[in-house]
Every structure is written in structure tokens, then in C-alpha cells.
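Heads up: the structure comes next, in C-alpha cells.
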Amino acid sequence: MKLASQPPEIVQLRRSGAVVELGWGRSKRKLHTTGDCRQEASRVYHMAAAGRMPPEDLSRAIYALDKISSLIERADLEDRVAQLEAMLRGASR
């Protein structure tokens, strides 16, 4: 049952007397580092453990956070390789 007073990303269902929130919440989280992704994964895990997020949403959230973390790590490695290549070019002259 969708509650009209809630924003579209927050939907509440009543299951056996408990209120379950679907979605990750209202606030926007900055995911600029792999550590940020790890913290967000921990946050959504605790939401699911507390019964405020269905397991299906947890699975999707963790998958998305893993992909974002991999992209951040790959970009960081590309930057490091570029810096090393620049240093090697400078040393060979």
C-alpha cells in the first residue's frame, strides 16, 4: 500500500504489523571512494537486518554498490598508471 504523504522513492508496506521501507532513503549519499561504497553497503545491510528493507532490495543495492566500487577502483588505477607513465617518460629524457 503506497502512502500518499511519502515521496515516490519511499513506499511502505504493512507486513504482519511491521512497516517495511522500500528504497535506500531520502538523502543522497556521495560515493566517491571504495570506502564510501563500503559504508553504504554496511548501512543498507543493517537496514535489511532490522527489517526495514526487503532482502531483494538489499541484493540489488549490494550489487550496484559493488559495481560502483569496481568503477572507482578501476579509475584510480588508470590515474596511477598514467602518473607512472609520465614519470617514466620524464626519467628517460
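Bear in mind these aren't lab numbers, they're just calculated from the coordinates by the rules spelled out. From a predicted model like this one, the values you see are computed outputs, not experimental measurements. No Cβ is skipped: glycine too gets one built from the backbone with ideal geometry, and neighbour counts run over all protein chains shown.
Structure above, values below:
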{"quantity": "Protection proxy ranking of 60-70, 76-86 - average other beta-carbon atoms within 10 Å, highest first", "calculated": "60-70, 76-86"}
{"quantity": "Whole-Hz couplings from phi, Karplus 6.51/-1.76/1.60, listed for the range 54-66; x for Gly and Pro", "calculated": "x, x, 5, 5, 4, 4, 5, 5, 5, 4, 5, 5, 5"}
